[in-house]
Ligand SMILES: [Ca+2]
């Protein structure tokens, strides 16, 4: 009680301070001197290019929250403040109560020598041990309500609290100003904070989403027009062709497995049914779990949703169900979807084909995602992400990698071109890179994340990779539309490519691994990277995976022997890799506790290509 009382006093003092605003209407309740202090702070922020490092915030007991001002707003036309009464729905994210202990737990969960190996946590276990405490959540909710926010009835769980308030209330509480901006290229008008947020230093708020409306992600699929479209399926890889090429001859079919997809659009059910009927596949139960604000009309991303579902069905036609988690295309939509997948804990394999270059993703979002992916890994959920379709140049003109594929607790899936023999068997793969279109498999070096422990020692200098940063992708699969997949979309057969195809296929493959492990009375595989890297470094590598090593590039990084940034460890040799991933203990023990790399936090207001060092414990 005492602590809450204290925090309430601080907050009400600060609200009085902040409301005075620089250029905004003054309130008669606020003292002139307090207003001057805040204006002085705000002006310092502006004069210092919005960096907070030089500002002494202790005097007013505030702490800065970094990574909320989009870099793009600096390049856009500032149209001035939003209207005071404009309503914003925001998602406030709290940190974990002890990130060091969580890291140790994760290291143990994936260390075959540890007694905790694969003793995955339930969401309740995770909540009891690592999530923000009830007292912390109550403290934040109380502060929000006391300052004029309305809490949302649904969506608040785990580290997230959803609330809404008019702009003026938000500006006062977070000590910022929200402006409209106009993008010089797209002419799109969006709102964003003009400088970094601040909150009372005793409030356990870490990140705030919903003020920056600039951020949106893209999907990584390419529907080929080379083959034309047809009412009759005549080209593109069929489910049986995929299984034959990648040596999936066992009877594993996803029985008992629940899979999930992250989607920011929707699909037409008759397309999926037509795909299943045409290939004599069972009708897999589909269940959409839509967040508030998600579209229920198929839009430009509908081909993505459709091919994701169909390719999961191709390898796991007897799955218990596929959950289609759907949110609006925004930072708060994306983390809302990730969080719901973690909280529901129903699907043990998950795939997304939506992302953005790391360098265009606010660090507040990267860090919130990281926290949720840690929870998924602790709960034994495997998350796959397409690594992008622009080769090494994810940011179109610059070498960059894609988020979330570059997240340490995500398996990044890159793209290859597949060659088959006349009888449909595997004959070879090279890096997917089409110089005529600029399309190719995403891969390279993260500028954000340091190297995870399981990647230590696998990067050769021939590959141009990094021995200190996270390298992407982890694995790959056929993604070239020229060797693409038959997809039924919009009432027609089409041929699809892109790393969007590779990610759901790897997720569905992992459902088969889990099925096989469960058939043998074993635990789930969980987060796959430690095991995949063990296989890659074992004597089984060349029988379990196809090493792409022909010197082909993704416009920069070459495919070389063993791991490389063009294709990761390569593609699966289906049955063999299932066997390799079903062995316990796994063939080679990864080095545990080697610093899986905490996210950047302290430093810049934008996400400016720096590795910003370890995150502070958020107790
Ligand atoms: Ca290789």
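Just so you know, all these numbers are worked out from the coordinates, no wet-lab data involved. This is a predicted model, so every value here is computed, not measured. With ideal geometry, Cβ positions are generated from the backbone for all residues, glycine too; neighbour counts draw on all protein chains shown.
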At R0 = 30 Å, how high is the FRET efficiency between residue 249 and residue 522 if r is their beta carbon distance? Nearest 0.05 is fine. 0.90
Quick check: from the Cα gyration tensor, does the range 240-581 come out rounded (a/c under 1.5), prolate or oblate? rounded
What FRET efficiency comes out for the pair residue 234/residue 321, r = Cβ-Cβ distance, R0 = 30 Å, nearest 0.05? 0.45
Roughly speaking, what is the stretch gain from residue 98 to residue 437, that is 0.36 nm per residue apart minus the C-alpha to C-alpha distance, in nm to one decimal? 117.3 nm
Pop a pseudo-label 7 angstrom from the Cα along the beta-carbon direction at both residue 419 and residue 182 and give the gap in nm to one decimal. 5.3 nm
Can you tell me what percent of all Cα-Cα pairs in the range 164-294 are more than 23 Å apart? 62 percent
Going by a ≥ b ≥ c, the root eigenvalues of the Cα gyration tensor, does the range 101-207 fall in the rounded group (a/c under 1.5), the prolate group (a/b larger than b/c) or the oblate group? prolate
Going from the fewest other Cβ atoms within 10 Å to the most, one would list 268, 553 as 268, 553
Per residue and in Å³, how big is the convex hull formed by the alpha-carbon atoms of the range 357-431? 93 Å³
Between residue 584 and residue 133, Cβ-based FRET efficiency (R0 25 Å, step 0.05) works out to 0.10
Quick check: pseudo-label points 7 Å beyond the Cα along Cα→Cβ at residue 289 and residue 273, how many nm apart are they? 2.5 nm
Quick one: of the DSSP bridges fully inside the range 240-581, what percent are antiparallel, nearest 5? 45 percent
7 Å from Cα along Cα→Cβ at both residue 119 and residue 576: what's the point-to-point distance in nm? 3.6 nm
From the Cα trace of the range 438-587, what convex hull volume per residue do you get, rounded to a whole Å³? 135 Å³
A student applying the Cα gyration tensor rule (rounded when a/c is under 1.5; otherwise prolate if a/b is larger than b/c, oblate if not) would label the range 387-445 oblate
Note the full-extension length gain between residue 300 and residue 152 as 0.36 nm times their separation in residues minus their Cα-Cα distance, in nm to one decimal. 50.4 nm
